[in-house]
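Shown next, in structure tokens, is the structure this report addresses.
Quick note: the coordinates plus some simple rules give every number you see, no bench work behind them. Being a predicted model, the structure only gives us computed values, none of them experimental. Please note: Cβ atoms are built from the backbone with ideal geometry, for glycine as well, and neighbour counts cover all protein chains shown.
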Amino acid sequence: MINSNDTGRRPHEILLEVLGDSNIPILAEFDCCHTHPMLTLPIGCEFSLDAGEGTVMLMEPPLAD
């Protein structure tokens, strides 16, 4: 049951089950926003994610000129 807190499964495990064989990237266990350390990601900005290297790069300035 997806909405049960008692499944013992992590959210990304359920997501993988629901998506099946879909070939889309999934980022899991990424500490940002309301965690420690608090890495803030600006909403609406373009990012580059390299899962192999474990990097996330902001591709544009977060503030307008």
(request) Tell me which residues, restricted to region 10-41, are more than 14 Å from the chain's Cα centre (by Cα), surrounded by 11 or more Cβ atoms within 10 Å (Cβ to Cβ) and touching a residue at least 12 places away in the same chain (Cβ under 8 Å). (result) 14
(request) Could you grab me the full set of residues in region 44-54 that are exposed (fewer than 10 other Cβ atoms within 10 Å of the Cβ) and either within 13 Å of the chain's Cα centre (by Cα) or part of a strand (DSSP E or B) (or both)? (result) 48, 50, 54
